[in-house]
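Inspection log for the structure reproduced underneath, given as C-alpha cells.
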Amino acid sequence: MAGLCRFVESEARGGSRVVKLGSLRSGGRDGTLIVASRDLARYVTVPKIAQTLQAALDRWAELAPELAAVYRLLNQGDLADARPLDPTALAAPLPRAYQWLDGSAYLNHVELVRKARGAEMPPSFYTDPLMYQGGSDVLLGPRDPIRAASEEWGIDFESEVAVVLDDVPLGVAAAEASRHIKLVTIVNDVSLRNLIPGELAKGFGFLHGKPPTAFAPVLVTPDELGAAWDGGKINLPLVTTLNGSPFGRPNAGVDMNFDFPALIAHAAKTRPLSAGTILGSGTVSNRDRAVGSACLAEVRMIETIEQDKPRTPFLKFGDRVRIEMLDGAGHSIFGAIEQTVERVT
C-alpha cells in the first residue's frame, strides 16, 4: 500500500484532473467516496485521499490530481483492490449538500408554461435567470424510489444537467465563473405539479412541491466530457425513457439561454457559494419538438396549446423513469438514474 501511495503521488504530479467520483451508502450519512472506472464497471475507495466527496471538494486543488491518478490506474487495470460497481449500492454522490440551487436555463420550457395559461413572458426573463433554492439535506441515489402519498399530487420527473462548484466569491463575473465548475452530472429534479400552484400563490416559493432530487451514479470532471463540454454547457442529448419506452432526448447544449457560468454569476450576486454547492440547469428543453421532452408537464403544456387540454397523465405508482446521457460512442457517461414511483405508507 505504501508503494501504491508513492506511485499515486508521483502520477499526481502530472496535473491531470480527469476523474469519475461517486459515494457508497456505507460510511455514515455522507457516504464513502469512490473513484469509478470510465466504463462504470469497477471502483475503489480512497480513504488515504478523502473519506467523503465533500472532504475532497474542500481541498480540491490539492486532492484532485491524486484522485485523477487513481482514476488512471483503475482504468489501466493496475489496482488489485478494485471491485465491481453495483449502482444499487450507491447513494447520491453528495448524499447531503451544503446547497442545492436549480435554475430554469431553457426558456423554451418557460415560454410553454406561460403560453399554456395564456400569459406573456416578462421581458426580464430573457436577461435575469429564474432560480430557486431547494432542499439539500436529503438527496437521492440513482436507484432510490420516487415516494409520494398520493397520485393526485401530480408526480413528475425533470431531467436536468447539474454542476458542482468549489468556493465561489461573492459577485463573481460570468467570465470568471467557469473555473469554479469542478464536477458535472445529471439529475431528476422531481416535482409535484398539483401542489406547486397553491404554494406559488402564497408568494413565498416552493416547499411541498419539490421533494428530494435524485442524482446519477457518478459525477465527472469537465475534462472527462472532451469536446462535448464547451466551458459552460454539455452538447449531448439527455435521454429519458418512461416504462421502457422512449420519452425524449433533447440536447442539453441547444436552446440553453443561460449557460452555467451565467447561472453561477446570478447565484453569487449577493452571497458567496461554498464548495459543494450543486447548481442545476432546470428542465432541458429544445424548440425542436421532434426530440421530445424532459418532463411530463411540458408534454401536457404542448397538448393544452394544440388540443385545448392535457391528455398525458402524470406518474402513477409503479411507473419507471430512466435518465441517462451517452457519449458519441454510445457509452453511459454518468450512469443511469432509474427510479420507480412508490406510495408512502
Checklist entry - Expressed as a rounded percentage, what relative contact order does the chain have, with Cα pairs under 8 Å and six or more residues apart? => result 22
Item to check | Inter-site label distance for GLN76 and ASP128 at 7 Å from Cα along Cβ, in nm | outcome: 5.3
Checklist entry - How long is the gain from SER245 to GLU151 if the chain were fully straight, where each residue apart is worth 0.36 nm and the alpha carbon distance is subtracted? => result 31.8 nm
Checklist outcome for this item: Given 94-106, 132-144, the highest-first ranking by average Cβ count within 10 Å works out to 94-106, 132-144
Checklist entry - Whose amide H sits under 5 Å from the amide H of ILE34, counting only residues 5 or more places off or on another chain, with H placed in the peptide plane? => result GLY22, SER23, LEU24
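Packing-wise, with mean Cβ within 10 Å as the measure, how do 60-67, 155-162 rank, highest first?
With the highest mean Cβ count within 10 Å placed first, the list reads 155-162, 60-67.
Taking a probe of 1.4 Å, how large is the accessible area per residue of the chain, in Å²?
For the chain, the solvent-accessible area averages 43 Å² per residue.
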Checklist entry - So what's the gap between the Cα centers of the range 252-293 and the range 66-125, to the nearest angstrom? => result 11
Checklist outcome for this item: Of every hundred units of 1.4 Å-probe accessible area on the range 199-338, the number belonging to carbon and sulfur atoms, as a percent, is 53
Checklist outcome for this item: Taking 20-28, 170-178 and ranking on average Cβ neighbours within 10 Å, highest first, one gets 20-28, 170-178
Checklist entry - Given only helices, namely DSSP H runs of n ≥ 4 each adding -39500 (n - 2.57), what is the per-residue ellipticity at 222 nm of the chain, to the nearest 500 deg cm²/dmol? => result -6000 deg cm²/dmol
Item to check | Karplus (6.51, -1.76, 1.60) ³J(HN,Hα), θ = phi - 60°, over the range 282-288, in Hz, Gly and Pro reported as x | outcome: x, 4, 5, 8, 10, 5, 6
Next on the checklist: Checking understanding here: applying a Kyte-Doolittle mean of at least 0.0 and a length along the axis of at least 20 Å (C-alpha), which whole DSSP H helices in the chain pass?
Outcome noted: 60-75
Checklist outcome for this item: Quick note, the range 210-345: a/c under 1.5 would make it rounded; otherwise a/b > b/c is prolate and the rest oblate (a ≥ b ≥ c, C-alpha gyration tensor); here it is rounded
Checklist entry - From the phi of every residue in the range 170-178, what ³J(HN,Hα) in whole Hz does the Karplus formula 6.51 cos²θ - 1.76 cosθ + 1.60 yield, where θ is phi - 60° and glycine or proline is x? => result 4, x, 4, 7, 4, 5, 9, 6, 4
Checklist entry - In whole angstrom, how far apart do the alpha carbon centroids of the range 200-223 and the range 163-185 sit? => result 18
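The values are calculated or read from the model by the stated rules, or taken from the named source; none is laboratory data. In this text, all values refer to a predicted model and were calculated from it rather than measured experimentally. Backbone-built Cβ (ideal geometry, glycine too); neighbour counts: all protein chains shown. Ligands, DNA and RNA are stripped out before the accessible areas are found, and what is left, the full protein with its side chains, is counted by its heavy atoms. Shrake-Rupley method; radii C 1.70, N 1.55, O 1.52, S 1.80 Å.
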